[in-house]
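The structure appears below as structure tokens.
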Amino acid sequence: MTQHAYSRGRILAVLSLLLALVAMALAAPAPGAPASASGDAGWWNPTARPVPDSQINVTGEPFKGTDAQGQVRGFIDAHTHLMANEAFGGRLICGKGFSEQGIADALKDCPEHYPDGSLAIFDYITNGGDGKHDPVGWPTFKDWPAHDSLTHQQSYYAWVERAWRGGQRVLVNDLVTNGVICSVYFFKDRGCDEMTSIRLQAQKTYELQAYVDRMYGGAGKGWFRIVTDSAQARDVIQQGKLAVVLGVETSEPFGCKQILDVAQCSRDDIDRGLDELYGLGVRSMFLCHKFDNALCGVRFDEGGLGTAINVGQFLSTGTFWKTEQCAGPQHDNPIGLAPALAAQKDLPEGVAVPSYAAGAQCNSRGLTDLGEYAVRGMVKRKMMLEIDHMSVKAAGRAFDILESESYPGVISSHSWMDLDWTERVYKLGGFVAQYMHGAEGFSAEAKRTDALRDKYHVGYGYGTDMNGVGGWPGPRGADTPNPVRYPFRSVDGGSVIDRQTTGERTWDINTDGAAHYGLVPDWLEDIRLVGGQDVVDDLFRGAETYLDTWGASEKHRSGVNLAAGSSASASSSEWNPFTSYAPGRAVDGSTGTRWASDWSDDQWLQIDLRSTSLVGRVTLDWERAYGKGYRIEVSTDGATWKTVWSTTTGDGGLDTAQFAGVPARLVRVHGVQRGTKWGYSLHEVGVYST
């Protein structure tokens, strides 16, 4: 993300910063084009494909329909970036996913990479060496795309087509950019406003759909289908086509930057932004990414990379990351402490990256009030929250909110969440995918969580992060004892997949690794050989589980709070001459008021629902004085009480007690052990039937 030829030292400084910034990160035929030359004749082949073009090298009809249980079949890529070439100022990812002028125009290098890559500074920062490479793409592709080249297009539309033909049925296209990376990268042909880039990438995705449609005879006839609800996605998959979902992964959504800890956006900005994104077709998104913003703190990066990103954090926000001891077993990635001297030279005179206590492993910035407003806004709009990249503190609060609403729309799409929270995702009804890496590592992690998937009867996904500047599986080698042997059959058995050829280059997963999107089926075959059929079977159920999560989010209805406005009583109330801490303050609908007890154990707050109702969920929004040990009791007459839920490990924040529904008129929160030296204090208590 940086380059040009001012002083080489200055370039290297900015680039080193960018190396970090984006290891972070992070897709119509010409009129009259002749018919496809494929040997298959069927609905899956276009009536006209641009000539020349990439080969697909898959034969056989793509599977349609559902399995015997009525569930859709197929793989899901829960995290990729088809249109990242339009991001970061338009010159970071070289090449396009498609072009009306054809493949020779789409798959060519950035002009500054010619004649030998000498000015491709970001390329050599990320790929090592001197950055020199053969810039020629079509038709020779001598040096790119490659599994370790982070600056060249990996998602040409025909390569995505091959993945679809190989069994993928859902693709989440995350619209991605970063204003800071754009601003410090010398080569660009557009501005750096993040929302402007998001709009352009959405537009280009719709243009790609139209481009494919024209090959198949008109609107709606192509295999690439953008979907905006789960029922539409199921219909597309049952036709045997690829359901494409729009997501967003950006650092300052809705302009929600923070400078010196001051938010640069408002609730109105968030509402306008969410409404606009929903109107574009976006159904999932991240609220923060790499830099702290006005909505949430981020999960750190490690080593020298983390140091360089921390420099970027300062340049973006005016503050470095701040750490604290973690409150629970989850923690953020170890913060980068290794030097990144070139990046650090970009700091103002007298400013240095701070040192951090070894025991402080969590970002002190969590989910802000604006962030909570955004999460609840996404719930109202039935959008799915991407939890990856949130700090532990922010993610924990987001989980609390989603649990209090019994809202299933939570996604971990590419291994950037504390893995100990996997079951928490599944309990909500959410979906988990793993970052695309080598078959051995991917299979081992899949097996580690296999018992959880069995427990919750869910499938699994992968996040390729192609065009996301992250790096992809390298080759295992042709001499491995269990190589992928070409041709091989797709998982469903209906298609035959051979080595992929584009122009004069043929790729082999054994010797090239996952060089581009078209090698996803080859990588899945590699996983089958290394990890076994069970891993691939779980992945083949991934599309169904993702659609279950999406569909349940769409059907979600916020419950009626039976406690709102009810009468309340308590064992005691803290006295204050200026502020009331009366029991009714915990059911008045305002998080700005609270009930507070005396400073001793064995205290209770009792709520009269006015009539007997079915009660199955109680939410408690604790003030700093919280209950470590407490129980939920219910009664229909005030004389006989039943404990329906209890804990001895409360940690404050927003708690949700879920239990089998019982009739109750009175609900009591009974504290038996305080979490602090003060009493028990609740901003709000909610009581729900389900």
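The values are calculated or read from the model by the stated rules, or taken from the named source; none is laboratory data. Computed from a predicted model, the values in this text were never measured in an experiment. Methodologically, a virtual Cβ is constructed for each residue, glycine included, from the backbone with ideal geometry; neighbour enumeration extends over all protein chains shown. SASA here: full protein model, heavy atoms, side chains in, ligands and nucleic acids out. Shrake-Rupley method; radii C 1.70, N 1.55, O 1.52, S 1.80 Å.
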Taking a straight Cα-to-Cα line shorter than 24 Å from LYS427, and setting aside same-chain lysines fewer than 8 residues away, one finds LYS380, LYS382, LYS393, LYS447, LYS455, LYS555, LYS628
Sites matching trypsin sites (Lys or Arg not before Pro) across segment 425-532 that sit in DSSP coil, with at most 16 neighbouring C-beta atoms within 10 Å = ARG485
Please work out the C-alpha center-to-center distance from segment 360-385 to segment 418-437 and express it in whole Å.
-> 17 Å
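Find the accessible area per residue for the chain; the probe is 1.4 Å, ligands and nucleic acids are left out, and the unit is Å².
Here the residues of the chain average 36 Å² of exposed surface.
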So which chymotrypsin sites (Phe, Trp or Tyr not before Pro) in segment 530-624 are both in a DSSP loop and have at most 13 other Cβ atoms within 10 Å of their Cβ?
-> TRP575, PHE578
In square angstrom, rounded to the nearest 10, how much accessible surface does MET83 have for a 1.4 Å probe?
-> 0 Å²
Could you look at segment 464-621 and say what percent of its accessible area is carbon and sulfur, using a 1.4 Å probe and all protein chains?
-> 48 percent
Just add up the charged neighbours of SER635: K/R +1, D/E -1, any other residue whose Cβ is under 15 Å from the Cβ of SER635.
-> +2
Pair VAL262, TYR456: separation of 7 Å Cα→Cβ label points (nm) | 4.2 nm
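How much of the accessible area of segment 331-458, probe 1.4 Å, is carbon plus sulfur, in whole percent?
Result for segment 331-458: 55 percent of the exposed heavy-atom area is carbon or sulfur.
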Expected sort for 462-472, 645-655 on mean C-beta neighbours within 10 Å, highest first, is 462-472, 645-655
ARG489 to GLN325: extension gain in nm, 0.36 nm per residue of separation minus the Cα-Cα distance?
-> 54.0 nm
List the lysines whose Cα lies under 22 Å from the Cα of LYS221, skipping any in the same chain that are fewer than 8 positions away.
-> LYS64, LYS204, LYS241
R0 = 60 Å: FRET efficiency of VAL496 with ARG610, Cβ-based, nearest 0.05?
-> 0.30
In nm, spacing of pseudo-spin labels at TRP599 and ASP369 (7 Å Cα→C-beta vector) | 2.7 nm
Round to the nearest 0.05 the FRET efficiency obtained for ALA219 and VAL672 when R0 = 41 Å and r is the Cβ-Cβ distance.
-> 0.05
List the residues of segment 667-690 whose backbone N lies under 14 Å from a point placed 7 Å from the Cα of SER646 along the Cα-to-Cβ direction.
-> 669-673
Please work out the C-alpha center-to-center distance from segment 583-621 to segment 164-222 and express it in whole Å.
-> 49 Å
Straight-line reach from LYS642: which aspartates and glutamates have Cα under 19 Å away, leaving out those fewer than 8 places along the same chain?
-> ASP602, ASP608, GLU633
Burial-style ranking of 394-405, 514-525, average other-beta-carbon count within 10 Å with highest first, yields 514-525, 394-405
Here FRET efficiency (C-beta to C-beta, ARG624 to ALA338, R₀ 35 Å, nearest 0.05) is 0.45
Between segment 506-551 and segment 238-310, what's the alpha-carbon centroid distance in Å?
-> 27 Å
When the gyration tensor of segment 428-544 is built from Cα positions, what are the square roots of 5 times its three eigenvalues, in whole Å, from largest to smallest?
-> 25, 15, 14
How big is the chain by the Kirkwood estimate over distinct Cα pairs, in Å?
-> 26.6 Å
Where the accessible area of segment 210-311 is counted over protein heavy atoms with a 1.4 Å probe, how much of it, in %, is carbon and sulfur?
-> 48 percent
Calculate for the chain the 222 nm mean residue ellipticity that helices alone would give, adding -39,500 (n - 2.57) per DSSP H run of length 4 or more and normalising by residue count, nearest 500 deg cm²/dmol.
-> -8500 deg cm²/dmol
Given 197-210, 84-97, the highest-first ranking by average Cβ count within 10 Å works out to 84-97, 197-210
Spin-label model distance (nm) - ARG199 vs ASP275, 7 Å beyond Cα toward Cβ = 1.5 nm
Net +/- balance of residues flanking THR449 in space, Cβ distance below 12 Å, scoring K and R +1, D and E -1 = -2
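Taking K and R as +1 and D and E as -1, what net charge do the other residues with C-beta under 12 Å from the C-beta of HIS113 add up to?
-3
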Within segment 585-690, which trypsin sites (Lys or Arg not before Pro) sit in a loop by DSSP and count at most 12 neighbouring Cβ atoms inside 10 Å?
-> ARG624, LYS677
